[in-house]
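Let me begin by presenting the structure, written as structure tokens, before commenting on it.
The values are calculated or read from the model by the stated rules, or taken from the named source; none is laboratory data. Note that the coordinates shown come from a computational prediction; the quantities given were computed from them, not determined experimentally. Every residue, glycine among them, receives a Cβ derived from its backbone with ideal geometry; neighbour counts consider all protein chains shown.
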Amino acid sequence: MIGLVHATANGRRRAEHLAAVWQEAHLYEESAKTSLHRAWTECDGIVLFLATGAAVRLIAPLLRDKHEDPGVVTVDDAGRFAVVLAGGHEGGANALADRVAASLGAEAVVTTASDALGVPALDSFGRDLGLRLEKGGDVAAVSAALVSGETVRLAADRRWPFGPLPENLVLAEGREEGPAIVVSDRLLKPPRPSIVYRPPSLVAGVGCSRGAAPDEILGLLRGSLEEAGLSLESVSALASVDVKADEAGLLLAAEELGVPLRLYPAEELAAREVPNPSPVVEEAVGTPSVSEAAVLLSGGELVVEKRKSANATVAVGRLPVRGKLSLVSLGPGEEGLLPPQAREALAAAELVVGLDQYVDRVRHLLRPGTRVLMPPLGDEIERARLVIDEARAGGSAALVSSGDVGVYAMASPALELLGDADDVEVSVVPGVTAAQAAASLLGSPLGHDHCSISLSDLLTPWEVIERRVRAAALGDFVVSLYNPRSRGRDWQLGKVRGMLLEHRSPENPVGIVTDAYRPTQRVALTDLGSLRVEDVDMLTVVVVGNSQTWVTGGRMVTPRGYLE
């Protein structure tokens, strides 16, 4: 939960706004001091709407341990800055400040050395991937080396989508000496100074008799892992058969480990071939294997076959690494219309792919170490393949498009290439479409039912385009025309104009917007009878109003009917 504490009328107004838009936020109504004391024990993060000096004096007596204290952000009375006061990494205050800034239109002020220098914060490195920092590591020494620009080795059993890494954090090829970051589920003793992260890469299948004690289950699991040289901290889930849903020992074992318990129907477990089936188990629960089959059904590859104790069986599997693929919308051109989620996706991408004019718009948002590839126009499938291959290799990749990536853009071919595969984590970042951007500059032409039609016949037969235009004209839709004219296609717009005139008057309003929200932006109003094809190019969106659209005050308006 995020606590919101205020002391002034301006602070209360902004706190109320965050409380309304953040589901997990709680607005405290008592005095600032009383509210803060309550929030300190109840919340994971706190936003104080106070001057920095007042906020420091209030939180100072409450600070105890950076591993336990909540992250604290303070916002000035004018709402200009969101300043991290405490718990930047461990408490999540750096991320909270960014979130506050995005919601209030403020500027986040983050002063932790790693963030200022663009290097990973080791106490939160890989947190989004579920990495756990093993106790006893040389965090201070490795962090100091990283911030100072010394070479730090990154040794990982497998590739993980860490995001872009600074130049001095290099992949290790052996057991070289020097500061190191190790990501592994194996029991090992790396050279010092080093720190070890445990990835959530293992799943434990568990079968047990009725009444099996949690200590027996956990003891068997620990022994099996130690024998295989694997870390208990990398176990991300227990898995079993669904008839064990109320098995107290199994539930307590999962609770003690702090991991979920996944349960599968016996018939699904029975469909999996395993190395050690048991007819006794099949007679008891309807499947010849619980522990091994549960590992396989969870998506794991068996690395520890079934081990037994008096009342339990355990098997362990290693889960595949799923890379990250972000399909990112950049909006029409102005940076203020770039979605906040796009900034986050770009900052997390090791590889960014897109047309040069799109990538150039966001280069300043890429973190040091980000690779960039810009196949030319026409190589759409190649662009999609590049990011998919990167994600399937365990990396993080972003494919960028202007407008909305899902509208006449790259999301469609990328998702088509992926098909049914579930080996990549995909996110689609929405954005402001070209039609929406054009409409905002024209007024409100999309106020009632509307549609978008591309006039490019490179991928769609002209006969199909004609049918869609006629249907839109017959249905009296407002129509946004994409790709209306190019050097090689100079007749289509004229043809469409004639088709629309069969159903609409020559006075029907038309908006022409070229390069929306860019320095070369042009906006013009005309009508269907006067529309000049030569005024339009591929960077133009033509918005044709319906029979009710009119122009008032120099703006196109399509009424919805509220004033009738």
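How about the range 324-335: which of its residues are over 16 Å from residue 407 (Cα atoms) and either crowded, with 24+ Cβ neighbours inside 10 Å or outside the structural domain of residue 407 (by TED's automatic domain parsing) (or both)? Within the range 324-335, 324, 325 meet the criteria. Restricting the range 1-47 to residues that are part of a helix (DSSP H, G or I) and in contact (Cβ under 8 Å) with a residue 40 or more places away in the chain leaves a set whose member that is farthest from residue 67 (Cα to Cα) is 10. Of all residues in the range 13-37, those being in contact with a Phe, Trp or Tyr (Cβ under 9 Å, 6 or more places away or on another chain) and under 22 Å from residue 62 (Cβ atoms) number 5. Does residue 549 qualify as being farther than 22 Å from residue 457 by Cα, surrounded by 14 or more Cβ atoms within 10 Å (Cβ to Cβ) and of a type outside the set (Phe, Trp, Tyr)? When the stated conditions are applied, residue 549 passes them. Checking each residue in the range 129-149 for being surrounded by 14 or more Cβ atoms within 10 Å (Cβ to Cβ), charged (D, E, K, R) and within 21 Å of residue 201 (Cα to Cα) picks out 132, 134. Note on the range 507-564: residues that are touching an Asp or Glu at 6+ places or on another chain (Cβ under 9 Å) and of a type in the set (D, E, K, R) total 5.
Restricting the search to helices (runs of 4 or more DSSP H) fully inside the range 207-275 and requiring at least 1 residues that are among the basic types (Lys, Arg) gives 214-228. Going through 82, 20, 60, 93 one at a time, which residue ends up being over 24 Å from the mean Cα position of the chain (by Cα) and not acidic (Asp, Glu)? After ruling out the rest, the residue left standing is 60. When you look at residue 508, is it farther than 15 Å from residue 437 by Cβ, out of contact with any Phe, Trp or Tyr (no Cβ under 6 Å at 6 or more places or on another chain) and touching a residue at least 60 places away in the same chain (Cβ under 8 Å), yes or no? In short, no. Look at residue 206 and say whether it is farther than 30 Å from residue 276 by Cα and either surrounded by 20 or more Cβ atoms within 10 Å (Cβ to Cβ) or modelled with pLDDT under 90 (or both). For residue 206, the condition - farther than 30 Å from residue 276 by Cα and either surrounded by 20 or more Cβ atoms within 10 Å (Cβ to Cβ) or modelled with pLDDT under 90 (or both) - is not met.
Of all residues in the range 508-564, those that are more than 19 Å from residue 481 (Cβ to Cβ), among the polar types (S, T, N, Q) and part of a strand (DSSP E or B) total 1. The residue pairs whose first member lies in the range 380-400 and is assigned to a loop (DSSP other than H, G, I, E, B), whose second member is of a type in the set (Phe, Trp, Tyr), and whose beta carbons are closer than 9 Å, counting only pairs six or more residues apart or on different chains, are 394/160; 395/160; 395/162. Residue count for the range 401-431 satisfying the condition of being in a strand (DSSP E or B) and either under 24 Å from residue 514 (Cβ atoms) or of a type in the set (A, V, I, L, M, F, W, C) (or both): 6.
Hey, does the range 482-491 have a residue that's under 22 Å from residue 551 (Cβ atoms) and either assigned by TED's automatic domain parsing to the domain that holds residue 358 or within 32 Å of the chain's Cα centre (by Cα) (or both)?
From the range 482-491, those under 22 Å from residue 551 (Cβ atoms) are 484; that's our starting set.
Now narrow it down to the ones that are either assigned by TED's automatic domain parsing to the domain that holds residue 358 or within 32 Å of the chain's Cα centre (by Cα) (or both): none.
Checking the range 482-491: not a single residue is under 22 Å from residue 551 (Cβ atoms) and either assigned by TED's automatic domain parsing to the domain that holds residue 358 or within 32 Å of the chain's Cα centre (by Cα) (or both).
Close Cβ contacts (under 6 Å, 6 or more residues apart or on different chains) running from residues in the range 131-152 that are on the phi > 0 side of the Ramachandran plot to residues that are surrounded by fewer than 19 Cβ atoms within 10 Å (Cβ to Cβ) comprise 149/168.
Being small (Gly, Ala, Ser) and either crowded, with 20+ Cβ neighbours inside 10 Å or outside the structural domain of residue 213 (by TED's automatic domain parsing) (or both) is the filter; apply it to the range 285-314 and report the residue that is nearest to residue 213 (Cα to Cα).
We begin by selecting, within the range 285-314, every residue small (Gly, Ala, Ser); these are 286, 289, 291, 293-294, 298-300, 309-310, 312.
Now restrict to residues that are either crowded, with 20+ Cβ neighbours inside 10 Å or outside the structural domain of residue 213 (by TED's automatic domain parsing) (or both): 289, 291, 293-294, 300, 312.
Numbers: 289: 20, 291: 17, 293: 22, 294: 20, 300: 25, 312: 9 Å.
Checking each candidate, the answer is 312.
Taking the criterion of being touching a Cys at 6+ places or on another chain (Cβ under 9 Å), touching a residue at least 60 places away in the same chain (Cβ under 8 Å) and of a type in the set (A, V, I, L, M, F, W, C), the residues of the range 469-489 that qualify are 477, 478, 479. The residues of the range 502-523 that are closer than 13 Å to residue 547 by Cβ and among the small types (Gly, Ala, Ser) amount to a single one, 505.
Is it true that residue 287 is among the hydroxyl-bearing types (Ser, Thr, Tyr) and either in a strand (DSSP E or B) or under 36 Å from the mean Cα position of the chain (by Cα) (or both)? Walk me through how you get there before you give the answer.
Working: among the hydroxyl-bearing types (Ser, Thr, Tyr): yes; either in a strand (DSSP E or B) or under 36 Å from the mean Cα position of the chain (by Cα) (or both): no.
Against the criterion (among the hydroxyl-bearing types (Ser, Thr, Tyr) and either in a strand (DSSP E or B) or under 36 Å from the mean Cα position of the chain (by Cα) (or both)), residue 287 does not qualify.
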